[in-house]
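The block underneath contains the structure these notes are about, expressed in structure tokens.
No value in this document is a laboratory result; all are computed from the given coordinates. Quick caveat: nothing in here was measured; it's all calculated off a predicted structure. With ideal geometry, Cβ positions are generated from the backbone for all residues, glycine too; neighbour counts draw on all protein chains shown.
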Amino acid sequence: MRAGPGSFPPAHRPNPWFSLDNHRTRRQECADEWFVREWLPLRSGGEFTVRFWGVRGSIPVPGANTVRYGGNTTCLEVRCGSHLIVFDAGTGLRELGRELITTSPVDFDLYFTHTHWDHIVGLPFFAPAYNPKSRIRLWAGHLGPNATLEHVLTNLMMAPLFPVPIDVFRASCSFNDYACGDVLTPQPGVVVRTGALNHPNRACGYRVEYAGGVFALITDTEHRGDDIDPNVLELARGADVLVYDAMYSDEEYAQRYKGWGHSTWQHALRVADAAGVRTTVLFHHDPAHTDDALDRIAAEADRVRPGTLVAREGQILTIR
Ligand SMILES: [Zn+2]
Ligand SMILES: [Zn+2]
């Protein structure tokens, strides 16, 4: 665990990515303080929402065939009233960061489902990490006991893989490891339950409970036949919104992808039925699934379980 701007880069090291604090006046700082103290709680008004910044699995796929659903890898913004939670740091994190710096300073928790590339690679390009006024608590539950989140992310930003080390971050960052299955309380009134998923190198699913509502994020995970994984069932039970790994169809899975660590949109609906979920959102789209392919899945899934959605970049859902 490491905290505090004091441990961050010496003054002689230039920040090649962002310069956020060079021209700030006291007047701007007062406006920031007012925004966070007065406006943000009013604007959020106790709402429980999720916004999708990256919905794709494995690798970003920008291009003409993915403009409607989006090509960025996984990143979600969950608002529990005035408290901000970010899930995963895929390439979608960059755009979220560009928005957050307009409401700077920011103070939030960033939970990783796991640390495969598609879930972390946006972190070096996340503007709030370079703002000394940000406070970011980073969490992962799949690594112990032989690795830590700080070690993994430090390796991500290490020569010759990346030109500058992680200590160019100027935010106050803390790196926290928990064990999948732990219950976390990032703020009074917000409960985050976690559970181990079936994925190579392990992954954690999340269940956020706030103001009587339930949001569940279950990616990346592979089902075992038609059985519902007890951990998945526990996390999804009674959820208002379930976001689930629907990388493949049952047909694609049977033909080619057994053992790859992912699930199917048909299994997402089996989980939703078993767990009594209100709205299911199909997520972590296969990079090969074009907008037209996702339209077909959306129509078929809505026929099987009306109200099912296919996650799109930019989409905002009210959980409660
Ligand atoms: Zn993934
Ligand atoms: Zn993965």
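Stretched out straight at 0.36 nm per residue, the stretch from THR148 to ALA299 would grow longer than its current Cα-Cα span by 50.2 nm. Peptides 144-153, 281-290, 162-171 ordered by packing proxy, namely the average of other Cβ atoms within 10 Å per residue, highest first: 281-290, 162-171, 144-153. Relative to one another, the C-alpha centroids of the range 168-210 and the range 90-125 are positioned 15 Å apart. Projecting the alpha carbon convex hull of the chain along each direction and taking the average yields 16.7 nm². Panel note: the C-alpha atoms of the range 245-319, placed on their principal axes, show extents of 35, 28, 21 Å (largest first).
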